[in-house]
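S.K.: I have a structure I would like to understand better, so I am pasting it below and will then ask my questions one at a time.
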Amino acid sequence: MESGPAVQRAVDALPAGRWLLAVSGGRDSMVLLHAMAAARAREIAAVATFDHGTGPQATDACDLVARESAARGLTLRRGRAARGVARTEAAWREARWAFLYREAAGLGASVVTAHTWDDQVETVVLRLVRGAGPRGLAGMLAADPHGASGPIRPLLRVPRQAVAAYAAQHQVPSLEDPSNQTSAFQRNRVRLEILPALERADPGFAAWCWGLGVRAAEWRAEVEALVTALGVRTVGRATITLPAAAVATLDVAGWAVLWPAIAARAGVIMDRRGVARAARWAPHARAGQVIPLTGGARIARTRATFVVEGTVPGVPGYIP
């Protein structure tokens with residue numbers, strides 16, 4: 001982890017660009033707003049804030065973002081969860097990212113978030129609990145295989161403690177959503193209970209999790225490079241093809257490694273059972289055969305190719 005003026009260094013290290021800052025009103029994202037406005041104001045296309053509709057506190061946090069943005073002469077984009085959206089972490093996350101990418105596309109900008117070193121560690125722990133493999137354990141360190149403009153995370157190697165020090169030094173105002181302190185949500189339980197307990201039992205556990213994510217990201221990058229070398233092509237908004245000749249000698253174990261990376265390029269996230277089923281099917285598949293995947297996607301075998309057809313395109317760089 002870094003220490004000292006880590007926030008300033010991280011912001012200064014960004015290449016020139018056009019940015020849409022994702023700001024919730026919480027401390028980390030308000031520090032991002034403050035630091036970016038101080039050092040890179042001309043590159044900020046807009047500030048985006050999203051009200052999940054969880055109560056007055058969430059709306060107050062968005063109001064704070066609006067005031068601070070206006071004080072700095074920055075354009076604001078404000079969204080709110082539609083009525084009827086399920087009150088779950090997954091539903092809120094999906095609605096927020098859809099809003100952010102829609103606004104970014106309209107502005108020709110890249111989304112910038114305030115995720116920190118600690119957020120990546122929490123993500124690794126969550127995925128360990130869920131039994132994720134190396135692909136999932138890469139977490140926020142995973143690179144987009146298309147080179148698309150996914151979220152930029154300048155603070156990802158900055159510990160939350162350094163962000164808090166910056167906030168105190170510069171008197172950065174913030175409002176935390178009370179839902180961040182409830183154990184009803186899994187990430188909160190990891191942050192408030194599980195990780196502290198594991199760190200007490202085994203000092204250095206959080207750093208080990210970070211290192212695990214780094215190694216997983218390196219492994220994932222190697223797999224993505226292999227998939228590219230095999231000749232995968234995008235032929236539609238959610239369709240990719242793979243030359244069958246390039247994988248003619250692949251066994252079940254090899255397919256199990258490649259299928260998630262191949263399918264992801266069509267916006268398809270394969271679960272463990274789907275991967276296992278597709279891996280067993282692929283070595284013996286014949287032209288005209290089709291295997292369905294979760295959510296209405298499918299893999300088809302033609303005379304010369306495997307074709308993965310998604311139902312909708314994936315969001316570039318999105319990490320559930």
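The values are calculated or read from the model by the stated rules, or taken from the named source; none is laboratory data. Just so it is clear, the model here is predicted, and its values are computed rather than measured. Virtual Cβ from ideal backbone geometry, glycine too; neighbours counted across all protein chains shown.
S.K.: Of all the residues that make up segment 43-71, how many are outside any helix (DSSP H, G or I) and within 16 Å of Ser174 (Cα to Cα)?
M.R.: Adding up the residues that qualify gives 5.
S.K.: Within segment 273-304, work out how many residues are buried (at least 20 other Cβ atoms within 10 Å of the Cβ) and outside any helix (DSSP H, G or I).
M.R.: Looking only at that region, the number is 3.
S.K.: Let me ask something additional. Among residues belonging to segment 34-65 that are of a type in the set (Gly, Ala, Ser) and more than 17 Å from Trp19 (Cα to Cα), point out the one that is modelled with the lowest pLDDT.
M.R.: Among those that are of a type in the set (Gly, Ala, Ser) and more than 17 Å from Trp19 (Cα to Cα), it is Gly53.
S.K.: Related question: Looking at Val268, Val252, Val214, which is the one that is touching a residue at least 12 places away in the same chain (Cβ under 8 Å) and surrounded by 18 or more Cβ atoms within 10 Å (Cβ to Cβ)?
M.R.: After applying the criteria, what remains is Val268.
S.K.: Still on this structure, I have one more. Can you confirm whether segment 21-37 contains a residue that is surrounded by fewer than 20 Cβ atoms within 10 Å (Cβ to Cβ) and part of a helix (DSSP H, G or I)?
M.R.: yes
S.K.: Considering only residues that are surrounded by 15 or more Cβ atoms within 10 Å (Cβ to Cβ) and either free of Cβ contacts under 8 Å to residues at least 60 places away in the same chain or within 18 Å of Ala132 (Cα to Cα) (or both), which ones fall in segment 231-242?
M.R.: Val232 - this is the single residue of segment 231-242 that is surrounded by 15 or more Cβ atoms within 10 Å (Cβ to Cβ) and either free of Cβ contacts under 8 Å to residues at least 60 places away in the same chain or within 18 Å of Ala132 (Cα to Cα) (or both).
S.K.: Looking only at segment 187-199, decide whether some residue is at pLDDT 95 or above, exposed (fewer than 13 other Cβ atoms within 10 Å of the Cβ) and charged (D, E, K, R).
M.R.: Checked segment 187-199: no residue is at pLDDT 95 or above, exposed (fewer than 13 other Cβ atoms within 10 Å of the Cβ) and charged (D, E, K, R).
S.K.: Right, next: In segment 101-124, what residues are assigned to a helix (DSSP H, G or I), of a type in the set (Ser, Thr, Tyr) and touching a strand residue (DSSP E or B) at 6+ places or on another chain (Cβ under 8 Å)?
M.R.: Across segment 101-124, the qualifying residue is only Tyr101.
S.K.: Does Ala184 satisfy the criteria of being in the same structural domain as Gly53 (by TED's automatic domain parsing) and assigned to a loop (DSSP other than H, G, I, E, B)?
M.R.: Yes; evaluated as a whole, the condition is true for this residue.
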